[in-house]
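Student: Would you mind keeping the following structure in view while I ask a few things?
The values are calculated or read from the model by the stated rules, or taken from the named source; none is laboratory data. Because the structure is predicted, anything quoted here is derived from the model rather than measured. Note that we place each Cβ from the backbone using ideal geometry, even for glycine, and neighbour counts take in every protein chain shown. With ligands, DNA and RNA removed, areas are computed over all heavy atoms of the protein, side chains included. Shrake-Rupley method; radii C 1.70, N 1.55, O 1.52, S 1.80 Å.
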Amino acid sequence: MMPNTYRLGLGLMRQEGGRFFRDTRAGAVGIASVFIALMCFTGTALLSDHLLLVQNRHQLRSGTVSASIAATQRLAGLDPDLTAAELAGALEPLARRYILANLPESTRASARGTLEVTVLPDREAGVVGVEAAADLGGAIVGRHIWGRLIEKTRAATGAGRTTNRIEVVLAIDVSYSMRHALHGQWGWPTRMEIVKQAAHDLVAILNPTAEGDVAVGVVPWHHLVRLGDTARQDWSREGWAEYPSSRRYAAAYACGDNTPDCTSPDEIQALPADPGEEWLGCLGEHRVSLTGRADRPSVAGLFDIPSRSAFAQAIFASGQGWSYNCLQSPLPDGMNYQNCYGTADDDVKGIGRVYYERPAQRGCGADPLGYVGESPVILPLTTDRTAVEAIVDSLEPVGFATYSTLGVAWGQRLLSPAWRDVWGDDVHPVDPAVAANAGTRKAIVLLTDGEDNQCGSQDPSCSSNEVGFGRGVACTAAKAAGTEIFVITAMHPDNVSSSLGRSLRACSSEADDPRGTYVFFNNSDAETLRAAFADIARQLGTVRRLYYH
């Protein structure tokens, strides 16, 4: 039998022990509650940190996007001879300002002293990428519980070009005066050399590729244009270019002592049945009528395809009033001069008989005296950058007159979708009316170094010249077809007369789009002329974000 005291002690122990165990369970629950509360607090803080970091990164990314676009636009005006490091140094302050301006006031102060900006200019592509890192502050857990786990927010943005398809034609003056320097008659580099480098700059920025949907064509023009060998053979075989039986000479080709005493501007002359040599591929603006006569075209049919209205082979072209047959003795009394192909039996040049004589296709094939080479050829729209650069390299001053009308007219023929079969390309020129081609930009870049002189002193109104219409008519028709026209002068601005400036400005798309820059006359040196081409390329290529992270 158990003593009472023992039973009492055991009872007390049971009571106290039960209370102890009950108290222990309560304590565990309390401790667990503390841990749970701490975990909830930490989780909430981590979630807050995550959301804050995402917000900070978004803000910094917005800043790099703005900085990238601003720096890309500024790049066009910087010296083209700056190195990549010099470009980065010139653009970094601008990028920094744009990044800070895009941050909210609450983080701007923290970022100002910690912001790191890296500018990545790509001169060839004409774009600038921007990378940035900054301590934007605001982390709860990372700063106050475990220390600074994340010190800076980082973002990067790159820029690229061309979201829409682009088709552009370089219509380049290759008349003989392109041998001159920008400031005058002689000097180096010549206008032609500068323009070739400027054209290379434009091609490099646009970077024609099938994947990038950029195609470039080239029209070298003077008083004629010339087809390449493959196109020349195609046009002969298809009957798109014919040798005419007669030609209307749309300007006076022989004059007496008094200026009005000239042959009629509408003189028609038969051509020999056999031209005596192979056609080299040069064309003017004359079309061959049903009777076989080479005549001025109608303005309404300016862009008719050659299967509808064949072009005349420019073997005995009528530019500047050149006639086929030199008049023979006895010559009319008082005749001052005649321009003709072939020779006359009393050849007294510049005094009274034959003022100039020239071989057939002069300005198309190589000059027999060696003054000029063969006329460079048209390059239809292509995405092959190597082919474009090869044609640009081939440009040489060969022409004896300036007919910018040809540059505009043939530029539009390269861009017109109705001419696709003529040029033999399955894709270009595209038809913007097709949904897949919506937003396509078509443009002509017209480069000239002076006034057109196809009309001559006998036809100042250009009513009956070889082309049959002035440059303004071609420009109006091209713009009506949806083409943008940029004009550049390869000459010192002091030499751009007010009349030339007005006519070229009217030719351009300046009045149609006040947001763009379409006229470039202030080309006093090589740098400004090259900058003009680069500016056009960047206007045609739309800046877009390629990446950000």
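Student: May I ask you to list the residues in segment 110-124 that are in a loop (DSSP other than H, G, I, E, B) and either hydrophobic (A, V, I, L, M, F, W, C) or open to solvent by less than 30 Å² (accessible area, probe 1.4 Å) (or both)?
Tutor: Selection gives Leu115 alone.
Student: Now for a different question. I need a count of the residues in segment 203-236 that are part of a helix (DSSP H, G or I) and in contact with a strand residue (DSSP E or B) (Cβ under 9 Å, 6 or more places away or on another chain).
Tutor: 7
Student: Looking at segment 176-203, which of its residues are within 23 Å of Tyr518 (Cα to Cα) and crowded, with 18+ Cβ neighbours inside 10 Å?
Tutor: Met178, Leu182, Arg191, Met192, Ile194, Val195, Lys196, Ala198, Ala199, Asp201, Leu202, Val203
Student: Among the residues of segment 57-89, which ones are open to solvent by less than 50 Å² (accessible area, probe 1.4 Å), within 22 Å of Arg538 (Cα to Cα), aliphatic (A, V, I, L, M) and part of a helix (DSSP H, G or I)?
Tutor: Selection gives Val65, Ala67, Ala70, Ala71, Leu75, Leu87, Ala88.
Student: Which one is modelled with the lowest pLDDT among residues in segment 365-380 that are under 20 Å from Ala231 (Cβ atoms) and surrounded by fewer than 23 Cβ atoms within 10 Å (Cβ to Cβ)?
Tutor: This residue is Ala366.
Student: Got a number for residues in segment 512-525 being modelled with pLDDT under 90 and open to solvent by 80 Å² or more (accessible area, probe 1.4 Å)?
Tutor: So the count comes out to 3.
Student: Okay, moving on. Check segment 431-442 and report whether any residue there is open to solvent by less than 10 Å² (accessible area, probe 1.4 Å) and under 26 Å from Ala198 (Cβ atoms).
Tutor: For segment 431-442, residues open to solvent by less than 10 Å² (accessible area, probe 1.4 Å) and under 26 Å from Ala198 (Cβ atoms): absent.
Student: For segment 470-549, which helices (runs of 4 or more DSSP H) that fit wholly inside it have 3 or more residues that are under 15 Å from Leu170 (Cβ atoms) and in contact with a helix residue (DSSP H, G or I) (Cβ under 8 Å, 6 or more places away or on another chain)?
Tutor: Ranges flagged: 526-540.
Student: A further question follows. What are the pairs, 6+ residues apart or on separate chains, where a residue within segment 493-510 that is within 13 Å of Thr448 (Cα to Cα) has its Cβ under 7 Å from a residue that is open to solvent by 40 Å² or more (accessible area, probe 1.4 Å)?
Tutor: Final answer for the pair search is Pro493/Asn522; Pro493/Ser524; Leu500/Glu451; Ser503/Gly472; Cys507/Gly472.
Student: Also, quick follow-up: Quick one: how many residues across segment 288-317 are touching a residue at least 24 places away in the same chain (Cβ under 8 Å), in contact with a strand residue (DSSP E or B) (Cβ under 6 Å, 6 or more places away or on another chain) and within 14 Å of Tyr243 (Cβ to Cβ)?
Tutor: The total comes to 10.
Student: What are the residues in segment 101-115 that are farther than 15 Å from Ile69 by Cα and either among the hydroxyl-bearing types (Ser, Thr, Tyr) or touching a residue at least 24 places away in the same chain (Cβ under 8 Å) (or both), if any?
Tutor: Answer for segment 101-115, where residues must be farther than 15 Å from Ile69 by Cα and either among the hydroxyl-bearing types (Ser, Thr, Tyr) or touching a residue at least 24 places away in the same chain (Cβ under 8 Å) (or both): Leu103, Pro104, Ser106, Thr107, Ser110, Ala111, Thr114.
Student: Please list, ordered by first then second residue, the pairs with beta carbon atoms under 7 Å, 6 or more apart or interchain, first in segment 425-438 and under 14 Å from Val216 (Cβ atoms) and in contact (Cβ under 8 Å) with a residue 24 or more places away in the chain, second hydroxyl-bearing (Ser, Thr, Tyr) and buried (at least 17 other Cβ atoms within 10 Å of the Cβ).
Tutor: Listed pairs, sorted by first residue: Pro429/Ser416; Val430/Thr440.
Student: Just to verify a result, which residue in segment 414-430, among those that are at pLDDT 95 or above, farther than 22 Å from Gly541 by Cα and not small (Gly, Ala, Ser), is least open to solvent (accessible area, probe 1.4 Å)?
Tutor: Trp419
Student: Moving to a separate point now. Suppose the filter is acidic (Asp, Glu) and more than 22 Å from the chain's Cα centre (by Cα); does Asp421 pass it?
Tutor: Yes: the conditions hold for Asp421.
Student: Please indicate, with yes or no, whether at least one residue in segment 381-401 is surrounded by 18 or more Cβ atoms within 10 Å (Cβ to Cβ), touching a helix residue (DSSP H, G or I) at 6+ places or on another chain (Cβ under 9 Å), in a helix (DSSP H, G or I) and among the basic types (Lys, Arg).
Tutor: No, every residue in segment 381-401 fails to be surrounded by 18 or more Cβ atoms within 10 Å (Cβ to Cβ), touching a helix residue (DSSP H, G or I) at 6+ places or on another chain (Cβ under 9 Å), in a helix (DSSP H, G or I) and among the basic types (Lys, Arg).
Student: Within segment 443-456, can one find any residue that is open to solvent by 60 Å² or more (accessible area, probe 1.4 Å), at pLDDT 90 or above and more than 17 Å from the chain's Cα centre (by Cα)?
Tutor: Taking every residue of segment 443-456 in turn, none turns out to be open to solvent by 60 Å² or more (accessible area, probe 1.4 Å), at pLDDT 90 or above and more than 17 Å from the chain's Cα centre (by Cα).
Student: May I pose another question? Is segment 526-543 home to any residue that is crowded, with 18+ Cβ neighbours inside 10 Å, under 16 Å from the mean Cα position of the chain (by Cα) and free of Cβ contacts under 8 Å to residues at least 60 places away in the same chain?
Tutor: Yes, there is a match, as at least one residue in segment 526-543 is crowded, with 18+ Cβ neighbours inside 10 Å, under 16 Å from the mean Cα position of the chain (by Cα) and free of Cβ contacts under 8 Å to residues at least 60 places away in the same chain.
Student: Out of (1) among the acidic types (Asp, Glu); (2) under 18 Å from Thr190 (Cβ atoms); (3) more than 22 Å from the chain's Cα centre (by Cα), what's the single condition that is false for Asp393?
Tutor: Here Asp393 clears every test but (3).
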